[in-house]
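The values are calculated or read from the model by the stated rules, or taken from the named source; none is laboratory data. Bear in mind that the values here come from a model prediction, so they are computed numbers and not experimental data. Virtual Cβ from ideal backbone geometry, glycine too; neighbours counted across all protein chains shown.
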Amino acid sequence: MTFDLREDASGAGPDEARAANVHSESAPPAATAPDTSTPHVRDPWRARYRRNLVFTDLASLIWVVYGTQILWFGLGNAQLAAGRDSRISDLSYWAFSAILIVTWMWALAFVESRSDRVIGTGSAEYVRIADASFRLFGAVAIIAFLVQIDVARGYLLVSLPLGIIVLFFTRWMWRQWLVVQRSRGRYSANVLLVGSLHSVTQLASEFARTPSAGYRVVGACVPNGKIADVIPGTRIPVMGHVGDVTSALEATGADTVAITSADELPADKVKQISWSLEAGRQHLVLAPSIVDIAGPRLHTRPVAGLPLIHVETPKFSRGQSFLKRSVDLVAASVGVVLLSPLLIFLVVAVRLSSEGPVFFRQTRVGFRGREFTMIKFRSMVVNAEELLAQLAAQQRDAGNEVLFKMRNDPRVTPIGRIMRKYSLDELPQLFNVIGGSMSLVGPRPPLPSEVAVYADHVHRRFLAKPGITGLWQVSGRSSLSWEESVRLDLSYVENWTLLSDFVILGRTARAALAPGDTAA
């Protein structure tokens, strides 16, 4: 079995080379008009990627189903037992397993778990895999009952969860490979942005910040745009005005049109653009100006022929609060027990390494603006706060205009530097979680002095308990601007789900095992 992972190297014209270097720091801005004489050859990466997923899905299910059968029945020719009134004769488990595998593969295809709209990012891919699997096994149980076939329960109870886990793992492995490819500009949708100059620039920066999402901007059409210009502050070539979408698609080889604003495009023009796209090969995306709103809060409801997008207001129900608190309490308690040897070792290490208390206590602002005392292992010298004003006047290489950080902070002790590298100084905050003042995942707990300079909208971060880790920590930490830190915190608060907490915890564990940024 082989997997075709090669890139299509054919038909790369000068425009495609320019598009591939949109995000290259060394590429000079476009200075000449793109050559539109030869259309680009599109890279059929979607079909190639789906084919690879089919191969690994099939291999995974064969391994799981037949492995479970052999584990349960051995290598013998075990038979399904049919009831007396059943018209179906005894069926070998070898044949039944083959039918189950084929049906499982069909179910995964039926729910479009390999669609390019869900692969590579988000949770929809995993949700579809789990949904198809549970529905399939539910159907098997119902059919077996109706036709009076006795299928071994243990065989099914092992195959279902193990199959889902293995499918999740293989899809996750493919995602890691896809992230690497997309960071190199491959296996991504080539996007042509259409709209106002401001909205095009904003969306382009969002795509550039998250290349793993799989959108690579190859050109833009803006009002009064002239070929050979570039979008200010970027290397994105202007392919003409908003009426030149068709010719721009041919010149850039784009397979996706993203309309960023409709002020310059009447409804009939948007409709004409959609009609001009090749079915199944080119895609139309409408990017609303509202950002950082998660899928569960967005609902498209056709009203009088208009596809209206309804945005639900954030809900913080008692059930959600109880669920989050329960997970926090159980996980933090188990964490303290499991990590107790490490905690004792760090207590001794901090005590012996420098003078001063083992723990560092600091007043922070938490849920609903209430102050609490946050606990950490002391990683700095005792008079660290007194030296802060002097260091704040120096040139910093981390943090932002509100959050003070330095990568080589002279106040950090030798053992403190090690603890910060692996985020071990944060472990005592598990007791804050048990006490209820913090959560495992949440917004960053700010200092009262920081809250004093907050804009009004930033106070929405206090709708959730502050966390030991959070979306801001796994998304850049010290390299983030203040506006970006606030945006991530507010996005977490307004779109919280238990699944997102688990994802953030997983990313935090991975970052702790392979630390890079130590400015905390």
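Points to keep in mind about this one:
- Pairs, first without any contact (Cβ under 8 Å) to a residue 60 or more places away in the chain in the range 337-357, second assigned to a loop (DSSP other than H, G, I, E, B) and among the aliphatic types (A, V, I, L, M), C-beta under 9 Å, six or more apart: Val347/Val358; Val348/Val358; Arg351/Val358; Glu355/Val381; Glu355/Val382; Gly356/Val381; Gly356/Val382; Pro357/Val382
- Check on Ala220, assigned to a strand (DSSP E or B), crowded, with 16+ Cβ neighbours inside 10 Å and aliphatic (A, V, I, L, M): yes
- Scanning the range 231-262 for residues that are surrounded by 17 or more Cβ atoms within 10 Å (Cβ to Cβ) and β-branched (Val, Ile, Thr) yields Ile231, Thr234, Ile236, Val238, Val242, Val245, Thr252, Thr256, Val257, Ile259, Thr260.
- Checked against (1) among the aromatic types (Phe, Trp, Tyr); (2) crowded, with 20+ Cβ neighbours inside 10 Å; (3) within 16 Å of the chain's Cα centre (by Cα); (4) under 23 Å from Leu61 (Cα atoms), Tyr215 meets all criteria but (4).
- Which listed residue, of Ala220, Ala204, Ala208, is outside the structural domain of Trp174 (by TED's automatic domain parsing) and in contact with a His (Cβ under 9 Å, 6 or more places away or on another chain): Ala208
- A single member of Val158, Val118, Val127, Val147 is in contact with a Phe, Trp or Tyr (Cβ under 8 Å, 6 or more places away or on another chain) and either of a type in the set (Gly, Ala, Ser) or not assigned by TED's automatic domain parsing to the domain that holds Thr256 (or both), and it is Val158.
- Identity of the residue in the range 416-433, part of a helix (DSSP H, G or I) and of a type in the set (A, V, I, L, M, F, W, C), that ends up surrounded by the fewest Cβ atoms within 10 Å (Cβ to Cβ): Phe431
- Checking each residue in the range 454-469 for being at pLDDT 85 or above and assigned to a loop (DSSP other than H, G, I, E, B) picks out Tyr454, Ala464, Lys465, Pro466.
- Just one of the listed residues (Leu192, Leu146, Leu160) is closer than 25 Å to Ile101 by Cβ and surrounded by 15 or more Cβ atoms within 10 Å (Cβ to Cβ), namely Leu160.
- Count - residues of the range 494-504 that are surrounded by 18 or more Cβ atoms within 10 Å (Cβ to Cβ) and assigned to a helix (DSSP H, G or I): 3
- Considering the range 448-467, the residues that are closer than 13 Å to Ser491 by Cβ and either among the charged types (D, E, K, R) or free of Cβ contacts under 8 Å to residues at least 12 places away in the same chain (or both) include one that is surrounded by the fewest Cβ atoms within 10 Å (Cβ to Cβ), namely Arg460.
- When the range 113-148 is filtered for residues that are touching a residue at least 60 places away in the same chain (Cβ under 8 Å) and β-branched (Val, Ile, Thr), the ones remaining, listed by number, are Ile119, Thr121, Val147.
- Restricting the first member to the range 506-520 and to residues that are closer than 10 Å to Lys421 by Cβ, and the second to residues that are at pLDDT 75 or above, the beta-carbon pairs closer than 6 Å and six or more apart or on different chains are Ala512/Tyr422; Ala512/Ser423; Pro515/Lys421; Pro515/Tyr422; Thr518/Arg420; Thr518/Lys421; Ala520/Arg420.
- Qualifying residue in the range 169-181 (condition: farther than 30 Å from Phe134 by Cα, at pLDDT below 85 and under 20 Å from the mean Cα position of the chain (by Cα)): no
- Given (1) out of contact with any strand residue (DSSP E or B) (no Cβ under 8 Å at 6 or more places or on another chain); (2) modelled with pLDDT under 85; (3) among the small types (Gly, Ala, Ser), number of the condition Ala82 does not satisfy: (1)
Yes/no per residue for (1) modelled with pLDDT under 90; (2) aliphatic (A, V, I, L, M):
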position	(1), (2)
Ile344	no, yes
Glu355	yes, no
Thr363	no, no
Phe367	no, no
Met374	no, yes
Val382	yes, yes
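- Evaluation of Asp328 against the conditions (1) farther than 30 Å from Gly435 by Cβ; (2) modelled with pLDDT of 85 or more; (3) among the acidic types (Asp, Glu) shows that the sole unmet condition is (1).
- Scoring Ile129 on the criteria (1) farther than 15 Å from Val54 by Cα; (2) in contact with a Ser or Thr (Cβ under 9 Å, 6 or more places away or on another chain); (3) among the β-branched types (Val, Ile, Thr) leaves a single failure, condition (1).
- Candidates Val64, Val118 - the one that is under 16 Å from Arg171 (Cβ atoms) and at pLDDT 90 or above: Val64
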